[in-house]
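Colleague: Quick one: the structure is below, and I'll ask about it shortly.
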Amino acid sequence: MGRSGPGRIIALVVSLGITLAVSGLLYYWFREAAFLGNDYQSTFEPASENAEKVHSVYVLVFWLAGAVFVGVMALTLAFSLMFREQEGAEAVQTHGNSRLEILWTFIPVVIVVAMAVPTFDAIVQIEGDAPDNALEVTVVGHQWWFEFRYGDEGIVTATDLHIPVDRAVHLSLLSGNYQADGSFIDNDVIHSFWVPRLMGKKDIMPGHENHLWFTPTETGTFLGQCAEFCGLSHAKMRFRVIVQTQEDYDAWVAQQQTNPADPTDEQLLAGQQAFSSAGCIGCHTINGVSQGLVGPNLTYVGERSTLAGGWLDNTPAQMEAWIRKPSSVKPGSHMPDGLVDNLSQDQVDALVAYLQSLR
Ligand code: CUA
């Protein structure tokens with residue numbers, strides 16, 4: 001048999017101490033890793049009611065699993081010290097112990113029930129119908145960018161999803177392309193919509209409409225990205241959710257519902273002509289100017305925070321690099337290379353200035 005009384009207690013205390021120290025370091029490290037920089041995408045800091053619900057289940061499971069982990073590891077370590085091979089000691093074989101067997105059936109049952117009840121409660125809320133007054137937005141996944149269509153408001157935009165704070169938003173998720181007659185073709189691939197701080201991920205399937213809803217509880221910009229491998233530039237399929245006060249959101253809607261003013265400046269007029277002559281009008285809509293449906297709606301592209309599906313900052317230099325050779329920014333991009341090769345540098349500058357002026 002093992003060692004005597006005091007030795008056992010010391011072994012137990014030392015084992016528990018080592019396990020707690022290692023567990024604590026791991027916990028601290030994971031938390032730090034989740035908050036690197038300002039651009040973090042972390043489920044640890046929920047900013048919507050539903051994300052908070054998911055997070056509370058996560059925290060509960062974390063502490064229950066953590067207690068099991070610490071207990072099991074400490075006992076394993078302690079027993080291996082207490083009952084290690086010693087001179088003259090002999091192993092004892094036992095068989096059957098009703099009291100122990102009932103105990104180690106009962107404890108896991110209690111733990112599983114403690115996790116299951118709040119989990120099902122959260123699932124019922126999250127997967128249930130969105131509140132009646134929810135803002136309705138259709139999200140369309142494309143290789144490799146997100147389109148946002150506000151049916152009631154008549155707004156179509158891309159990459160930046162504007163929503164008001166403290167109001168539920170109900171997203172209908174589609175993959176494919178809307179046609180000029182309003183019909184929809186399922187001609188894209190599977191994507192996944194994920195904004196870690198606002199909601200768990202949900203797949204965007206061709207031919208199957210999925211739904212997601214949440215109520216943001218704080219204003220700010222929340223990073224999202226496609227979370228399902230969808231081809232060459234999957235990693236460059238990002239977006240932002242911009243949660244605004246009701247006033248700011250209303251002002252944004254009112255602006256989006258107007259057409260951009262016709263340019264009067266000579267350079268901007270030349271830019272608008274280049275938009276047409278380079279063929280951009282075939283794929284892109286600018287309200288009052290063009291009606292293309294293949295690429296992102298560019299009506300107010302100048303005010304977006306990013307370009308190319310969230311991959312580039314929206315600066316004139318980055319915009320020029322993007323339209324000069326899309327494949328060098330996003331391999332596989334459906335926007336062809338060489339579109340502006342026949343334009344002079346002045347014309348390209350004008351085109352970029354025109355697009356940047358759309359704000
Ligand atoms: Cu879309 Cu990955």
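The values are calculated or read from the model by the stated rules, or taken from the named source; none is laboratory data. Since this is a predicted model, take the numbers as computed values, not measurements. Cβ atoms come from the backbone with ideal geometry, glycine included; neighbour counts cover every protein chain shown. Just the protein is used for accessible areas: all its heavy atoms, side chains included, with ligands, DNA and RNA removed. Shrake-Rupley method; radii C 1.70, N 1.55, O 1.52, S 1.80 Å.
Colleague: Tally up the carbon and sulfur contribution to the accessible surface of the chain as a whole percent, 1.4 Å probe, everything protein left in place.
Modeller: Carbon with sulfur: 59 percent of the solvent-accessible area.
Colleague: If each of Ala65 and Gln86 carries a label point 7 Å out from its Cα toward its Cβ, how far apart are those two points in nm?
Modeller: 3.7
Colleague: Here is a follow-up. Where in the chain are the DSSP H helices whose alpha-carbon span along the long axis reaches 27 Å or more and whose Kyte-Doolittle mean is at least -1.0?
Modeller: Helix filter hits for the chain: 5-33, 49-82, 98-127.
Colleague: Can you give the calculated 222 nm mean residue ellipticity of the chain, where each DSSP H run of n ≥ 4 adds -39,500 (n - 2.57) and the sum is split over every residue, rounded to the nearest 500 deg cm²/dmol?
Modeller: It comes out at -13500 deg cm²/dmol, rounded to the nearest 500.
Colleague: Something else: Can you give me the solvent accessible area of Asp186 with a 1.4 Å probe, rounded to the nearest 10 Å²?
Modeller: 80
Colleague: Give the Cα extents of the range 180-242 along the principal axes, in whole Å, largest first.
Modeller: Each principal axis gives a Cα extent; for the range 180-242 these are 36, 28, 21 Å.
Colleague: Under a cut-off of 19 Å between alpha-carbon atoms, report the lysines in cross-link reach of Lys236, not counting same-chain residues fewer than 8 places apart.
Modeller: Excluding near neighbours in sequence, the set is Lys201, Lys202, Lys325, Lys330.
Colleague: When the convex hull of the C-alpha atoms of the chain is computed, what volume per residue in Å³ does it have?
Modeller: 187
Colleague: Please list 210-222, 254-266 highest first by mean number of surrounding beta-carbon atoms within 10 Å per residue.
Modeller: Per-residue mean Cβ counts within 10 Å order the peptides as 210-222, 254-266.
Colleague: Suppose accessible area is computed on protein heavy atoms with a 1.4 Å probe; arrange Ile10, Ile111 from highest to lowest.
Modeller: Ile10, Ile111
Colleague: Which FRET efficiency value, to the nearest 0.05, is calculated for Asp346 and Ala254 with the Förster distance at 30 angstrom and r the Cβ-Cβ distance?
Modeller: Using R0 = 30 Å, I get an efficiency of 0.30.
Colleague: Also: Kindly rank 301-310, 286-295 from highest to lowest mean number of other beta carbons found within 10 Å of each residue.
Modeller: Taking the mean over residues of other Cβ atoms within 10 Å, the ranking is 301-310, 286-295.
Colleague: Estimate the FRET efficiency between Glu266 and Thr219 by the formula 1/(1 + (r/R0)^6), using the beta-carbon distance for r and 45 Å for R0, to the nearest 0.05.
Modeller: 0.70
Colleague: For the range 83-200, what mean projected area does the convex hull of the alpha carbons give, in nm²?
Modeller: Computed as one quarter of the Cα hull surface, the answer is 15.5 nm².
Colleague: Additional query: What number, in percent, do you get for the relative contact order of the range 1-148 if the mean sequence gap of Cα pairs under 8 Å and at least 6 apart is divided by its residue count?
Modeller: Computed value for the range 1-148: 35 percent relative contact order.
Colleague: Assuming 0.36 nm per residue, please report the length gained on full extension of the stretch Ala134 to Thr306 beyond their Cα-Cα distance.
Modeller: The Ala134-Thr306 span can extend by a further 59.2 nm.
Colleague: Now a separate question. For the range 266-356, what's the radius of gyration and Dmax over Cα atoms, in angstrom?
Modeller: 11.9, 35
Colleague: If you roll a 1.4 Å probe over the heavy atoms of the protein chains, what accessible area per residue do you get for the chain, in Å²?
Modeller: For the chain, the solvent-accessible area averages 54 Å² per residue.
Colleague: Another question about this same structure. What percent of all Cα-Cα pairs in the range 135-256 falls into each 10 Å bin, going from 0 up to the bin containing the maximum distance?
Modeller: 14, 49, 31, 7
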